[in-house]
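Novice: Here you go, one structure.
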């Protein structure tokens with residue numbers, strides 16, 4: 001039972017740093033991704049607060065253990081289709097070279113559009129209050 005509670009407390013602490021990064025970026029509009037800022041704050045606190053590492057270590061190890069679920073399947077697919085990829089390497093390379101920047105552009109435009117909708121919604125909310 002204590003192990004589960006320690007794990008939950010560690011996960012909450014990690015989530016609080018992620019939320020702190022989001023809050024700081026939201027308030028200050030600093031041009032840094034919120035997760036990066038939260039992770040930087042977490043690193044600083046790990047250095048400054050001696051007991052923090054022990055408190056979050058179990059949760060961090062659990063999260064790190066889940067990375068394999070995200071990384072292994074693509075490599076298994078590469079191994080399974082090695083012959084097909086080799087035979088079509090030129091086509092695959094061209095597709096990757098085109099779709100990677102295209103994905104980045106679409107993501108950036110989508111982000112900009114969503115932010116503009118949020119600003120418009122925020123302005124509408126501010127104007128509707130008496």
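Novice: How many nm separate the modelled label positions at residue 81 and residue 99, each set 7 Å beyond the Cα in the direction of the Cβ?
Specialist: The two pseudo-label positions are separated by 0.8 nm.
Novice: Between residue 92 and residue 48, with labels modelled 7 Å along Cα→Cβ, what's the label distance in nm to one decimal, could you check?
Specialist: Taking the two extended label points, one gets 4.8 nm.
Novice: Let me know the Rg and Dmax you get for the chain when you use only its Cα atoms, in Å.
Specialist: Radius of gyration, then largest Cα-Cα span, for the chain: 21.5, 67 Å.
Novice: If the elastic network links every pair of Cα atoms under 10 Å, which of 87, 18, 108 fluctuates the most in the Gaussian network model of the chain?
Specialist: Among 87, 18, 108, the largest GNM mean-square fluctuation belongs to 108.
Novice: Given the DSSP H assignment, sum -39500 (n - 2.57) over each helix run of at least 4 residues in the chain and divide by its residue total; what's the result at 222 nm in deg cm²/dmol, nearest 500?
Specialist: Working: 6 runs with 116 residues, N = 130.
Result for the chain: -30500 deg cm²/dmol, rounded to the nearest 500.
Novice: PRE reach from residue 66 (point 7 Å along Cα→Cβ): which of region 9-29 fall under 19 Å by backbone N?
Specialist: Answer for this model: 9-22.
Novice: Something else now. Highest GNM mean-square fluctuation, the chain, Cα pairs closer than 10 Å: which of 46, 109, 63?
Specialist: 109
A short reminder: the numbers here are calculations on the coordinates, not readings from a lab. None of the values given here were measured: they were computed from a predicted structure. Every residue, glycine as well, gets a Cβ built from its backbone with ideal geometry; the counts of neighbours run over all protein chains shown.
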